[in-house]
1. Between LEU196 and LEU82, with labels modelled 7 Å along Cα→Cβ, what's the label distance in nm to one decimal, could you check?
2. With an 8 Å cut-off on Cα pairs and a minimum separation of 6 or more residues, tell me the relative contact order of the range 136-239 in percent.
3. Rounded to the nearest 0.05, what FRET efficiency do LYS182 and LYS237 give with R0 = 22 Å and r taken as the Cβ-Cβ distance? Could you check?
4. For Cα pairs less than 8 Å apart in space and 6+ apart in sequence, what is the mean separation divided by the residue count of the range 3-234, i.e. the relative contact order in percent?
5. Residues with amide H under 5 Å of LEU44's amide H, sequence separation 5 or more or different chain, H placed in the peptide plane at 1.01 Å from N; which?
6. May I ask you to list the aspartates and glutamates whose Cα is less than 14 Å away from that of LYS182, ignoring any residue fewer than eight positions away on the same chain?
7. Taking a 19 Å limit on the Cα-Cα distance, which of the listed pairs LYS168/LYS237; LYS3/LYS64; LYS61/LYS83; LYS64/LYS116; LYS172/LYS237 fall beyond it?
8. Just to be sure I follow: if Rg is taken over the C-alpha atoms of the chain and Rh is the Kirkwood radius over the same atoms, what is Rg/Rh?
Amino acid sequence: MAKLGVNVDHVATVRQARGTVEPDPVMAAALAELAGAEGITVHLREDRRHIQDRDVEVLRKTVKTRLNLEMAATDEMVAIALKILPDMVTLVPEKREELTTEGGLDVCMNRHLVQKQTGLLRQGGIVVSLFVDPDLEQIKMAHRVGAQYIEIHTGTYCEARLTEGRQKELQKIEQAIRAARKLGLGVNAGHGLDYLNIREVVALGGIEEFNIGHSIVSRAVLVGMERAVREMVALVKGG
């Protein structure tokens, strides 16, 4: 049965908008775990637009489930990860001008860099996942460079408006799951998933963890973090 990892980045986004101390992503993470989340995800961006270094340090000490650190494949970020030692690192593409991650990591184009950073992280005892589009060549390369997991970028599926387009993207995700599992890779998924569009992806099976942030935080503003997480947990579990 799939698990839910809650991304608390956008709790920090609200905090940083006022340059104050609240709302606290660490407290949000604790509430998410109490509500049934089985993992906490944060993206420490190079420009520190939301999550800060101290957030990651405190979360490492307080998260009781599993801490997944999303980050770019840079020397600075690898050094931070090897100091903090999250349970998992997910390597993602990153552009300073983007509002949110716009697509999967091009592992084929950046093979040598990703292989180097993956090796360093694994030597430090950290499980490594690569955030990739549901593309078979990218998945094969993820396996070759030593990743243990992939996280399938579901953004294109979520953005599809016509039924035909959505079904086409759903088929790509299903093929990606099968290919990854055949190679022995663990499979996570995330980006753009909400309380409606997640149902069809859950129904595919084969995904170990869904990492969801914006939709949960948006709902939490209206109904509270615990209720928002409980409702998403129910959907991830097939309810």
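Just so it is clear, none of the values below were taken in a lab; they were calculated from the coordinates. Remember, predicted model here, so these are calculated numbers, not experimental data. Methodologically, a virtual Cβ is constructed for each residue, glycine included, from the backbone with ideal geometry; neighbour enumeration extends over all protein chains shown.
1. About 4.7 nm separates the two model spin labels.
2. Normalised by residue count, the contact order of the range 136-239 is 26 percent.
3. Working from the Cβ atoms, E equals 0.30.
4. 20
5. GLU70
6. Straight-line reach from LYS182, under 14 Å: GLU137, GLU174.
7. LYS168/LYS237; LYS64/LYS116; LYS172/LYS237
8. Reported Rg/Rh (Cα atoms, Kirkwood Rh): 0.94.
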